[in-house]
1. Quick check: with the 1.4 Å probe, what order do C:87, A:116, A:201 take by accessible area, largest first?
2. Just subtract the alpha-carbon distance of residue B:153 and residue B:216 from 0.36 nm times their residue separation and send over the number in nm, one decimal.
3. Kindly state, to the nearest 0.05, the FRET efficiency for residue A:296 paired with residue A:146, given R0 = 35 Å and r defined as their beta-carbon distance.
4. Quick check for you: with a 1.4 Å probe and neighbouring chains kept, what is the accessible area per residue of chain A, in Å²?
5. Between residue B:43 and residue B:273, what's the calculated FRET efficiency when r is the beta-carbon distance and R0 is 25 Å? Round to 0.05.
6. How big a patch of accessible area, both sides summed and in Å² to the nearest 100, lies buried between A and C at a 1.4 Å probe?
7. Rounded, prolate or oblate for the protein assembly as shown? Axes are the square roots of the Cα gyration tensor eigenvalues, ordered a ≥ b ≥ c, and the cut-off for rounded is a/c under 1.5.
8. With the crude spin-label approximation of a point 7 Å out along Cα→Cβ, what separation in nm comes out for residue C:48 versus residue C:74?
Amino acid sequence: MSSETDDLFGGGDLSKERLKGRAFLAFCFAASVFGVFALALLLLDVFSQAATGVFVRDIDVVRFLTNSASRFPDQAGFYAAIVGSAWLMVLTVILSFFIGVGTAVYLEEFAPDNRWKRLVEANLANLAGVPSVVYGLLVLAAVVNLGNPLTGGRVGPILLAGAIALALLIMPIIIVSAQEALRAVPEGVRRGSYATGATNWQTVRNVVLPAAIPGILTGTILALARAIGETAPLIMVGALLTARRAPDGPFDSFGAMPTMIYYWADRPEIDFQYLAAIGIVVLLLILLAMNATAVYLRNKYETEYQ
Amino acid sequence: MSEKTVEIDVENERGETQEQDETRDGAGGNETTREEVAVETRNLNVWYGEDRAIRDINMKVPEKKVTALIGPSGCGKSTFLRCINRMNDQIDGARVEGEVLFHGKNVYDDDVDPVALRRRIGMVFQKPNPFPKSIRDNVAYGLKIQGKTDSLDERVETALRQAALWDEVSDQLDGSGLDLSGGQQQRLCIARAIAPDPEVILMDEPASALDPVATSKIEDLIDDLSRDYTVVIVTHNMQQAARISDKTAVFLTGGELVEFGDTEKIFENPESQKVEDYITGKFG
Amino acid sequence: MSTGKKDETEAALTGEVARGDRRKQYVVTRVLQGCAAVTIATTLAIFAVLIDNAFSFFYGQRLHEAILGATLESRVGVVEFLTGTRWAPYHAFPDYGVLPLLNGTLLITVGAAFISIPIGTATAIYLSEYASERVRGVLKPTLEVLAGIPTIVYGFFAISFITPVFIRPVFETLGFSVSFYNAFAGMVVVGIMTIPMVSSISEDAMSAVPDDLRNAAYGLGATKQEVSTQVVLPASISGILASYILAVSRAIGETMAVTLAAGHRSQMTLNPFVEIQTMTAYMVQMARGEAAMGTVEYQSLFAVGLLLFVITLSMNLLNDWVKRRYREVYR
């Protein structure tokens, strides 16, 4: 009798079971916290190095933001890199948004469910898994080293080439997120439009796209947030690691924030380390702003369907 | 008018017109004795893959009357309704055999554009589906789509008045259609459907998702609409069919049209025992 | 009158009413098809460009030049490339054996997998089976942030913290000799950055396991830990394996973090405390070096790139296969 009640309260073998359960839970919990811990360490490291640069080594933040690359750490700044990245983002979004959204609309709203559609979708999954460095290599050979009929030379490492590499890189992300946004528009709304005598395209343009656009924009901003931190494709297309002046336009040579950070981080002098850290802080703040915009858009324009 | 009937008689080998000729208008306000046929189906079958959803339907839907389609769920009445304006085209794997004649023209002919067809035959769905747009833009939608953009505001107002919604929303035309109550949303969808002035309005259980008060408003509205439009309505509520329709078609399981005739006759003196059982609630 | 009605209807249904809109619809469909074709063209272009240029690494002429009739000259043998154990493109007597680079890539990948797979899986189990809504609300966004940090920042983290503050003090005390650039730092940061991939995809798979299955096990007197490891884990194994493959594929293609952390010295070694070079790091080094077009160094970029692409492509296809092969369908 008493041994039976013992069992109910976890005596004997059950206590061993319970111990095992606790140990397992502790392991899983520790693993979950590891990610948080790693993130905290990383941010702490970056911010403390940046703070050391600013407060101990007297790096002038204003000068940092208005000067461009220099051999001397106390003269070096981030301005040309910031402008380069801004240019890149503008061109990247122009190159990838319309084609990306067009593809998503085609797949979700127009394409019959056939082999061609499945091929495009399988190919998208594959493209999403292609290393970013490979996109850089593609653009290096197919754009940068292409003969330029105007000068007789090659096209060269221009800003537009970097933007093409980034656009190709984020295209699958934009397409997949736009597909999700389109799928979230209820079928009844489409049928309502068809029943009024709208064509497929009229339905998409007047009803489906307006309803899906906040989701599409959110996805696009998140994709751009991915692009702005990408370094490898830019190095492959020949971006300047030391951007001494801001690019004039899409056909100028260029440097960008991540390549500048890479250059500084790779230098042995400790002061360049601090510059890299401050550069990373700027980059992270921009990323934060982009993500906040995305979340804001999603919450503000989220259409409520009953 | 009579010419029309005669012409259809010639085409119709069944010679069912006798019955039609005797038809007297029941509950509706129209005092016509002879009916123009708006939509006629001949040997209409619909297949979803291997399953036959409706079989050999022959039916004449009279113009400017309310025709109710009743029957237990799964009997094919909604499928039949969707055939009329080819909304079944949107469903993968649906196959239609037979003819649906709209004023004598088979809408499944190769040269018929379903988009043009739907501009003549509008539809209201079971679940209210207003667009995530303003009330005004919802009603104006079909007009804009069809390029009828002159005197847009008047047309919007007319449609909203016809849909008995004007008084409730006239001061918030720029508010979102999604902010309305369920019943208002459904009347908004009706306004949207009638704004471009179609001839026929198909309604797929338009009141089944609504409360009794909203339902009775919709019913009154349907009665009014039949003065200007041909209305075909699917309902599984027999009292509703009895209240609002001039003609009733009873579908029973298996997608068969068991009986079609004047609503009064169907409910008071049906020919088929199965229909009587269904109407008196013995099954279904 | 009624024949008039019929004709009028016929004209309305077949005629002008929607013709303009129809034409627009046709044009738009074509344009959108063109957009979709761009994605296909991208894949084809990657294949074409890599193979075309890599061909010249082996035979002195690009493939399309060879097809057009240029005479081939043997440069680097395919066998030599794939089996050679010395990679020294800058040396007076250059060697192009890719194995040291492959060695570096695999060393990092395996090391990273030892971090991301157990931690990612345990995180997924915790999130899916144990965590309260509140804890999930903190953990999931944190992991998303971790996934959104640019890899260059991870590289900086490796050389400014992981190596000097963690690896060197700890392992030098233990008697190892640790160089400033070392594979271990690369493993750690690549491991950390791939945790969110493993955890989020695995968690999705675990959450898709219906509660009926769990309840059945509880009904037999199983503990929560037994349910997690013996019921949920096997039931969601295809999604979990897919997440592992994706994480490994990502680690293979990872570039900036390993370039900064692990260095540029290609060698055949399993010692994680020495400087190594991965395929991607070599590509960065090469691209920085402004090698002239047409030189063997420049062409080697494409040979290595093609190998990298083929490996990651195989991983993607494997991932696809696993998902289809082991898919559990719940309704």
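1. A:116, A:201, C:87
2. Here the answer is 19.9 nm.
3. 0.30
4. Per-residue accessible area for chain A comes out at 43 Å².
5. About 0.50, to the nearest 0.05.
6. 6400 Å²
7. prolate
8. Output for this residue pair reads 3.1 nm.
The values are calculated or read from the model by the stated rules, or taken from the named source; none is laboratory data. Worth saying up front: this structure is predicted, and the values here are computed from it rather than measured. Glycine gets a Cβ as well: all are built from the backbone with ideal geometry, and neighbour counts include every protein chain shown. The area values use the complete protein model at the heavy-atom level, side chains included, leaving out ligands, DNA and RNA. Shrake-Rupley method; radii C 1.70, N 1.55, O 1.52, S 1.80 Å.
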